[in-house]
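Here is the structure we will look at, set down as structure tokens.
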Amino acid sequence: MSQRIILPLNKVGMSDLSLVGGKCASLGEMITNLTGLGVNIPNGFVVTTDAYWQFLEQSKLAPFIREQLDTIDFDNVESLRRVGSKVRQAISNARFPHELSHQIISAYEQLSQTYDQSATDVAVRSSATAEDLPDASFAGQQETYLNVRGPAALIDAVRNCFASLFTDRAISYRKTFNYDVSTVGLSVCVQKMVRSDLASSGVAFSLDTESGFKDVVMINGSYGLGEMVVQGAVSPDEFLVFKPTRKEGHASIIEKKLGVKDKLMVYGDHSDERTRIIPVEESLRYRFCLDDKQVLQLADWVMTIENYYTTLKNKWCPVDVEWAVDGLTGGLFIVQARPETIHSRKVHNTLTEYRIGDPSIPRTLIAQGIAVGDGISAGKVNILYSLDKRVGHSEFAEGDVLVTDMTDPDWEPIMKKAAAIITNKGGRTCHAAIVAREMGVPAIVGCGNATELLHSGQWVTASCAEGEDGFIYEGKLEFESKSTNLDELPSIHTPIMLNVGSPSTAFGYAHLPHSGVGLAREEFIINNYIKAHPLALLQHSQVKDAELSTAIRQLIRGFDDEKTYFIQKLSYGIAKIAAAFYPKRVIVRFSDFKSNEYRNLLGGSHFEPVEENPMIGWRGASRYYSPLYKPAFGLECQAIQLVRETMGLTNVAVMIPFCRTVKELLLVQETMSEFGLARGKAGLELYLMAELPSNILLAGEFARHIDGFSIGSNDLTQLTLGLDRDSSLVAHLYDERNEAVKVLLRMLIRTAKEHKVKVGICGQGPSDFPDFAQFLVEEGINSISVTPDSVVKTVRAIHQVESSVSKSSIGSASVAG
């Protein structure tokens, strides 16, 4: 039987896995089937596994390798390193068969001629037969060599790829997944290099890597060759594109985050230095590495690749791709693609909640970074600057917390012992993050200086359960986890909506039972993402405060100007929430800071009055049409427009808070229209926060100008009973179940039904008090909106109530529908 040593990439596919390995099979499949759909993939050829087996046979290395591997003690890192090194050395010293090298060099020369060059620069990538498979990615286990030029360098790179089948991490990884080394072959992909050293490169996933939310494309990128992103040597730029509305033709970039791109990898200056790392120019660090057109093009290609493999496999097949922009031509290319192997295997029917034990016990925060996963873990710090340089410990023990600058695939044997992983560098798609997700280990990456703030032997608790930021606390804190099978929750008739404050957690709640979002507060986005008073952004140059102007200039880096910064940041926050629950309705409440809260924002003291009682002062609707605040409210309207019209998220509705009179409602609507945001335009619905007695008493008048009410029981209770909810002296009187409050709620629900507008409630009352839930259900409220952590107990409470209440009394129309 003749051996197939060399094959063009466009002549292989997924049916050739045993011959060309996962990486080459995927590339060949895409070149054959997707280039006609516009996806650009660099050309190349494959050195097949037949060549690898021939190399082992002629060098007589196979028996030696088997013998050496049988001696490994996999519980001893030193044993693994010693044997791996010996095997790799033997392969590197072996003579490369002449006929084999001749065929490889001949294929290389033909590839060079297609580019009118005597010798072209190529990427030489290992492609194992146990790689990029649905059950395990084996990502990064074998080597890739970039900027390889000339026959001699190519043969060396191919031989080194063969040797990399026996790196410590690859041997350990195969042992973890029970792969027999004698059945694992290795092929090599020789592919024309994309000159991303002169532009940018990175990775992209066809889902959100943290939550597994399947309706987004997540793109990470930085300047130069892509190894910097994969290794986690930089914190990359991050882009999110929403698939459903992108498929309809919308420019659906729902988030852009500027990374810390302080260095890049470029070609080396001489043959002994194929690549080198240099600083990024200061002016480039605060620019995004891709423009919007490139982001959307890349997202389209990722969706095309995902759709192709989903059809091919007859099941959902999310993908992980590597991309590069050629700095010479400006062309965008896909250079690798593989199946995503973590979230695609999960069944999202279980809600697991992690909580730090007693929230009243003070916690000492030492450091923070980007959370990977949603778990919590505690252990002793073990700082490793390299695999050969430990601080304070001679050996890494099972259950230690690994703290290091960054990891690469060589660290895998150590990482699988760790209780948690903490790194100074990296982003959500760096090596440490990918391996941590696969192993189910909490990780906090991109901390900056964790190796300086922590010390070996110190007990810490790593928490990834508090949103997109991960926190490292002093000591061993008590924590708990609770799992609920969502399929076992009882069915209920009253629709449950969610109150969502943080955009960073929205994707993680998408799988909960819900009828949309009853309350999304702009205040959280402004406070945590924008971090500046809108008038300070617009008018800081008119204020004689040099420190303020400097702070704002730093804040808006990466954006065209202050106005664009506010509109886009607010729109991204709203869009993430709207995307998570699309196409169900998401009701966004316009900003409702009090003047004292606005003063706490950057520059707020220059624009806010000092009020004796801000709770009933200049807040909510009264701001929007006021000449003093109207320009800022215009930015809010423009952000909503951007979300609905440009991104296509027309499931967003808006809500006006603290609106005292019908006249005030009409003034707000006039102001909205001035900024292009009119009720009814493209189906825009307008809701009123029913939180003032006047809203109830004049509900019939208000109802003529809105699409629905949402009860704000907190303010309604304090204004009905005449007490300050923040005062501990009268806290014992605060009770939303007070008969006076219930009388008003009964009136509102009845009036809303008479005028055929919707009415819901957003608050903890129905969750905390089953009798209050029973009252609302009996009155026929259309929906109940609660915080995500209250969904399970609220569903159970309402089920209990509905079981004893006549269904004719229960509202059948949802605020979401």
Cα extents of the chain along the three principal axes, largest first (Å): 93, 54, 50
Cα-derived Rg over Rh, computed across the stretch 457-601 with Rh taken as Kirkwood radius: 1.07
Rule-of-thumb Rg ratio for the stretch 509-582 [Cα; 2.2 N^0.38 Å; N residues]: 1.36
Cα-based radius of gyration of the stretch 608-662 once divided by 2.2 N^0.38 Å, which approximates compact folds: 1.37
Fraction of accessible area attributable to carbon and sulfur, the chain (%, probe 1.4 Å): 48
Paramagnetic reach from residue 286 in the stretch 559-600 [backbone N under 13 Å; point 7 Å along Cα→Cβ]: 559-562
Relative contact order (%) - criterion: Cα under 8 Å, at least six apart; region: the chain: 9
Quotient of C-alpha Rg and 2.2 N^0.38 Å, computed over the stretch 288-419: 1.47
At 1.306 mPa s and 10 °C, Stokes diffusion of the stretch 267-355 via Kirkwood alpha-carbon radius, µm² per second: 94
Long pairs among 476/594; 214/753; 315/584, criterion Cα-Cα beyond 27 Å: 476/594; 214/753
Kirkwood hydrodynamic radius over Cα pairs of the stretch 66-225, then Stokes diffusion coefficient at 25 °C and 0.890 mPa s, in µm²/s: 137
Estimated 222 nm signal from helices in the chain, with DSSP H stretches of n ≥ 4 weighted -39500 (n - 2.57), rounded to 500: -10000 deg cm²/dmol
Per-selection Rg to Rh, the stretch 580-638 - Cα, Kirkwood hydrodynamic radius: 1.06
Where the stretch 723-778 is the region considered: accessible area per residue in Å², 1.4 Å probe: 50
25 °C / 0.890 mPa s Stokes-Einstein diffusion coefficient of the stretch 692-779, Kirkwood radius on C-alpha pairs, µm²/s: 183
Sequence-distant aspartates and glutamates (8 or more away, or on other chains) whose Cα lies within less than 18 Å of residue 247: 208, 215, 255, 292, 300, 306, 645
Surface/4 of the Cα convex hull for the stretch 170-287, nm²: 11.1
Shape category assigned to the stretch 554-693 from the gyration tensor of Cα positions, a/c cut at 1.5: oblate
Among 801, 8, 698 - extreme Cα towards positive end, dipole of the chain, charges at beta-carbon: 698
Overall form of the stretch 445-543 per C-alpha gyration tensor (a/c, 1.5; a/b vs b/c): oblate
Rh (Kirkwood; distinct C-alpha pairs) - the stretch 175-227, Å: 14.6
Antiparallel bridge percentage (DSSP; both residues within the stretch 370-522; nearest 5): 55
Equivalent ellipsoid dimensions for the stretch 494-544 as semi-axes, Å, which come from the Cα gyration tensor, largest first: 34, 11, 5
Unit charges at the beta carbon, dipole of the chain: most positive-side option, 555, 489, 264: 489
Sequence-distant lysines (8 or more away, or on other chains) whose Cα lies within less than 16 Å of residue 793: 482
Ratio Rg/Rh, restricted to the stretch 239-316 and using Cα atoms, in which Rh is the Kirkwood radius: 1.14
Calculated FRET value between residue 35 and residue 90, using beta carbons and R₀ = 41 Å, to 0.05: 0.55
Among beta bridges that DSSP assigns inside the chain, antiparallel share in %, nearest 5: 70
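The values are calculated or read from the model by the stated rules, or taken from the named source; none is laboratory data. Since the model is a prediction, treat every value here as computed from it, not as a measurement. Glycine gets a Cβ as well: all are built from the backbone with ideal geometry, and neighbour counts include every protein chain shown. Accessible surface is based on the protein model in full, side chains and every heavy atom, while ligands, DNA and RNA are left aside. Shrake-Rupley method; radii C 1.70, N 1.55, O 1.52, S 1.80 Å.
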